[in-house]
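All remarks here apply to the structure that follows.
The values are calculated or read from the model by the stated rules, or taken from the named source; none is laboratory data. From a predicted model like this one, the values you see are computed outputs, not experimental measurements. Heads up, the Cβs are rebuilt from the backbone with ideal geometry, glycines too, and the neighbour counts pull from every protein chain shown.
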């Protein structure tokens, strides 16, 4: 826990040209920590230190470097060094590089893949961004039913370093169809003379290459697996997805929903690294749509202009009513959107949700109305008729808001849209208009204006 | 993949009393799938099928049953059967049961733990809900530096079934302080005569028992580990956290933020299982606070009552201006809240964020204002002076909204509050008031009212 290299010490050692010491300290360090050290160094020092890494550690570190540093590095090292990295990289990391990096970079690394790999890379690039296929890796351990446990362990010993995971091994038939799964734990604790057939699990949970990655993440959460196999349409095993990639997927899917729910196009690039123009473009179209929609609410206000001029005090409650309507509607829609995302709610639950939200609305609406009534009559000293108008509007618009907020995400889902669209901004715009109409109608009845 | 039992077949087999067939089909099924089958059966059939399970599968299935089914089951089986389950359960599952189940249930299961376990359970229950300690398990593999690889593998073979994970093994010194980590992969591919000391990793990433679970989840995401060790204040190893528990934590932390950001007290119970009263109570206090705050906005409108009566058309744009201000502010605050949650943004970035949001605000504000100006002058046929008032307000209030939205979450974080509080509802309430003040001030300058 002590012998670790930090930036200051590293600079010091570079200054003193004590490369032997740097090399010794780097060996045995975690690749993520080395990558973090490297990315903050000036380019020439970064390349210098990178060259001190052992070959297999170097490739691991490379995979964790930020894109910019990867680019700097590939542009500064020899062909031989590029080749060494590419040979050691896992296939899914190479696919990511080809997908994300500029053309000159890709050309430089693609040279060192063979024809078969290149064809496979192209195949992988064709999986939709949000699909199980795009998360797959092909480096898994393949076993045959007939193997003895002892031979299987020898096999893993031989090829284990080149595989992304050795903790779950896959058994297929002659047509490459998945027959069973064996964990390394099971292999280690089993009798060495047992066959794989004796010990493999046959109740297999798997994903299809075109499944949405959100569904795959729900499988991981449900079963607690370290890896899930991916099959094609003919049920042939074509890859696996490992749990470490899933953590990122769950985080990204949540981030995507946060963005959409705040009326923005989802963005995977971290905020501080996103350009101002891109940030603006992610937000502008949604704001425009919402702005235009909100003018409808304005026209309702204009329609009741005379009423507002006659009973001027009515306008004082408009912001409070609109905000409360928007807030209560957003609460319901957020719960339903999130429930849909984590698989706790399905569109068929709409009656349950409607009934539930209606009862919640009555409790909340009456409580808010009561507090408001007391406040208006005793502190603000407005007439009982005005107070009654405001409070009745509150109960009605809270109820409508809860129903709208609870059901629109379900409707969106059923129509094939992302339910997250039906969050605060849209719900607020819709509920605002309804609230005003309810308010003016109740006012005209109670106040006879 | 075929021989799997479904509910219909299970009912059929129960009817025919073919328990032998049920037992055979259950053996080899995934425990999560068995739990799913069981939970939908009527209680007596559920207990009947549960009794057909092999002892170790039974405990695994039990851990995955819903609380209600666990309760039904414990109340229907013999003391001996309860004892068998408790003996096979992992320690963290027992702690969860003691934490969550009613007293009579807990009394029945606690009987079968020994004194040492009971004391440890009490200790574990004292970790704060959101801490690393509350996620820990104590069933990990312990190795000594001096062991040879071969002996370590024998050791794992003996005790492996009782451990939550065998894929990462932990090496400690005489004072139980963590010295190194060895993966099972490394053990399997290493020379059997090497010592653990030769092959263990010394650059160890660990958590402290009182670390927030959100920090721990960021460690898992950063390093891609399958397990992370947890140490106490004296750096002694006291438990490990496994990655499968992390998936749930990431999902729950995001859900918590979604709830807070929609002005609700966070709720872990699924929506459909939460009582109406509880749903209402989660929402009501926030709605009250926001409702009272919004009356301040109303009083601003009252203050400018005369202006609204003189130039009535001004009121038509109030909903649009308020909504746009709220939406733009929420966009900025959502990005910053999420950035803070996933560790991409820190409070010290406030200058960068301010500058960035200001530039985004100018682009967005001017674009919105331009569209609006053209629409007002050519379609709505309002005077150029009114159109100018509205559009100038748009630019100013979008800018203020972006600054407020971008910085309040940072301020909240710095003051030790959850930044998620500073989301759409609060931002909207604050920005509404500011927007109205800006609007009326600009109107009085341009329209001389």
>> Taking the condition of being touching a residue at least 60 places away in the same chain (Cβ under 8 Å) and surrounded by fewer than 20 Cβ atoms within 10 Å (Cβ to Cβ), how many residues in the stretch B:47-102 meet it?
In response: 2
>> So if I check each of A:390, A:342, A:371, A:386, which one is within 7 Å of chain B (Cβ to nearest Cβ) and buried (at least 20 other Cβ atoms within 10 Å of the Cβ)?
In response: A:342
>> As an exercise: evaluate residue A:14 against (1) outside any loop (DSSP other than H, G, I, E, B); (2) crowded, with 19+ Cβ neighbours inside 10 Å and give the number of the one condition it does not meet.
In response: (2)
> Within the group A:343, A:329, A:339, which residue is on the phi > 0 side of the Ramachandran plot and under 25 Å from the mean Cα position of the chain (by Cα)?
Replying inline: A:343
> Regarding residue A:139, is this residue over 28 Å from the mean Cα position of the chain (by Cα) and either crowded, with 16+ Cβ neighbours inside 10 Å or within 14 Å of chain B (Cβ to nearest Cβ) (or both)?
Replying inline: no
>> I'm checking my understanding of the structure. Among residues of the stretch B:239-266 that are touching a residue at least 40 places away in the same chain (Cβ under 8 Å) and out of contact with any helix residue (DSSP H, G or I) (no Cβ under 8 Å at 6 or more places or on another chain), which one is nearest to residue B:121 (Cα to Cα)?
In response: B:240
>> Out of the residues in the stretch A:242-258 meeting the condition of being out of contact with any strand residue (DSSP E or B) (no Cβ under 7 Å at 6 or more places or on another chain) and more than 7 Å from chain B (Cβ to nearest Cβ), tell me which one is surrounded by the most Cβ atoms within 10 Å (Cβ to Cβ).
In response: A:257
> Out of curiosity, is residue A:379 within 14 Å of chain B (Cβ to nearest Cβ), surrounded by fewer than 17 Cβ atoms within 10 Å (Cβ to Cβ) and without any contact (Cβ under 8 Å) to a residue 24 or more places away in the chain?
Replying inline: yes
>> Take the residues in the stretch B:216-233 that are part of a strand (DSSP E or B) and in contact with a helix residue (DSSP H, G or I) (Cβ under 9 Å, 6 or more places away or on another chain); name whichever of them is surrounded by the fewest Cβ atoms within 10 Å (Cβ to Cβ).
In response: B:227
> Regarding residue B:404, is this residue more than 14 Å from chain A (Cβ to nearest Cβ) and farther than 20 Å from residue B:254 by Cα?
Replying inline: yes
> Can you tell me which of B:182, B:188, B:205 is at negative phi, outside any helix (DSSP H, G or I) and facing chain A (nearest Cβ under 8 Å)?
Replying inline: B:205
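This table checks each residue for (1) at pLDDT below 95; (2) more than 40 Å from the chain's Cα centre (by Cα); (3) more than 17 Å from residue A:292 (Cα to Cα).
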site: B:363; (1), (2), (3): no, no, yes
site: B:367; (1), (2), (3): no, no, no
site: B:374; (1), (2), (3): yes, yes, no
site: B:379; (1), (2), (3): yes, yes, no
site: B:382; (1), (2), (3): yes, yes, no
site: B:407; (1), (2), (3): no, no, yes
site: B:428; (1), (2), (3): yes, no, yes
site: B:448; (1), (2), (3): yes, yes, yes
>> Being surrounded by 15 or more Cβ atoms within 10 Å (Cβ to Cβ) and more than 27 Å from the chain's Cα centre (by Cα) is the filter here; which residues of the stretch B:24-35 pass it?
In response: B:25, B:26, B:28, B:29
>> Against the definition (touching a helix residue (DSSP H, G or I) at 6+ places or on another chain (Cβ under 7 Å) and either more than 13 Å from chain A (Cβ to nearest Cβ) or surrounded by fewer than 24 Cβ atoms within 10 Å (Cβ to Cβ) (or both)), how does residue B:410 come out, yes or no?
In response: no
>> Can you go through B:365, B:405 and tell me which one is within 15 Å of residue B:330 (Cβ to Cβ) and in contact with a helix residue (DSSP H, G or I) (Cβ under 6 Å, 6 or more places away or on another chain)?
In response: B:405
> How many of the residues making up the stretch A:281-291 are within 27 Å of residue B:263 (Cα to Cα) and more than 8 Å from chain B (Cβ to nearest Cβ)?
Replying inline: 3
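Condition check ((1) touching a strand residue (DSSP E or B) at 6+ places or on another chain (Cβ under 8 Å); (2) modelled with pLDDT of 95 or more; (3) within 30 Å of residue B:279 (Cβ to Cβ)) across all residues:
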| position | (1), (2), (3) |
| --- | --- |
| A:293 | no, no, yes |
| A:298 | no, no, no |
| A:302 | no, no, no |
| A:308 | no, no, no |
| A:316 | no, no, no |
| A:329 | no, yes, yes |
> Is one or more of the residues making up the stretch A:234-241 within 7 Å of another protein chain (Cβ to nearest Cβ), over 19 Å from the mean Cα position of the chain (by Cα) and not in a loop (DSSP other than H, G, I, E, B)?
Replying inline: no
>> Can you tell me how many residues within the stretch B:124-136 are more than 12 Å from residue B:98 (Cα to Cα) and surrounded by 12 or more Cβ atoms within 10 Å (Cβ to Cβ)?
In response: 9
> Taking the stretch A:193-202, which residues are facing chain B (nearest Cβ under 10 Å) and surrounded by fewer than 20 Cβ atoms within 10 Å (Cβ to Cβ)?
Replying inline: A:201, A:202
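Here's the yes/no breakdown for (1) part of a loop (DSSP other than H, G, I, E, B); (2) surrounded by fewer than 20 Cβ atoms within 10 Å (Cβ to Cβ); (3) within 9 Å of another protein chain (Cβ to nearest Cβ):
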| position | (1), (2), (3) |
| --- | --- |
| A:313 | no, yes, yes |
| A:317 | no, no, yes |
| A:322 | no, no, yes |
| A:325 | no, no, no |
| A:329 | no, no, no |
| A:354 | no, yes, no |
| A:359 | no, yes, yes |
| A:363 | no, yes, yes |
| A:397 | no, no, no |
>> Can you tell me which of (1) within 22 Å of residue A:242 (Cβ to Cβ); (2) surrounded by 19 or more Cβ atoms within 10 Å (Cβ to Cβ); (3) more than 9 Å from chain B (Cβ to nearest Cβ) is the one residue A:149 doesn't meet?
In response: (1)
> Can you pull out the residues in the stretch B:36-46 that are under 33 Å from the mean Cα position of the chain (by Cα), in a helix (DSSP H, G or I) and surrounded by fewer than 19 Cβ atoms within 10 Å (Cβ to Cβ)?
Replying inline: B:36, B:39, B:43
>> Looking at the stretch A:268-280 only, could you name the residues that are surrounded by 16 or more Cβ atoms within 10 Å (Cβ to Cβ) and more than 7 Å from chain B (Cβ to nearest Cβ)?
In response: A:274
> Which of (1) surrounded by fewer than 24 Cβ atoms within 10 Å (Cβ to Cβ); (2) touching a helix residue (DSSP H, G or I) at 6+ places or on another chain (Cβ under 6 Å); (3) within 7 Å of chain B (Cβ to nearest Cβ); (4) under 30 Å from residue A:354 (Cβ atoms) does residue A:299 not meet, given it meets every other one?
Replying inline: (2)
> Taking the stretch B:412-431 on its own, how many of its residues are touching a residue at least 12 places away in the same chain (Cβ under 8 Å) and assigned to a helix (DSSP H, G or I)?
Replying inline: 13
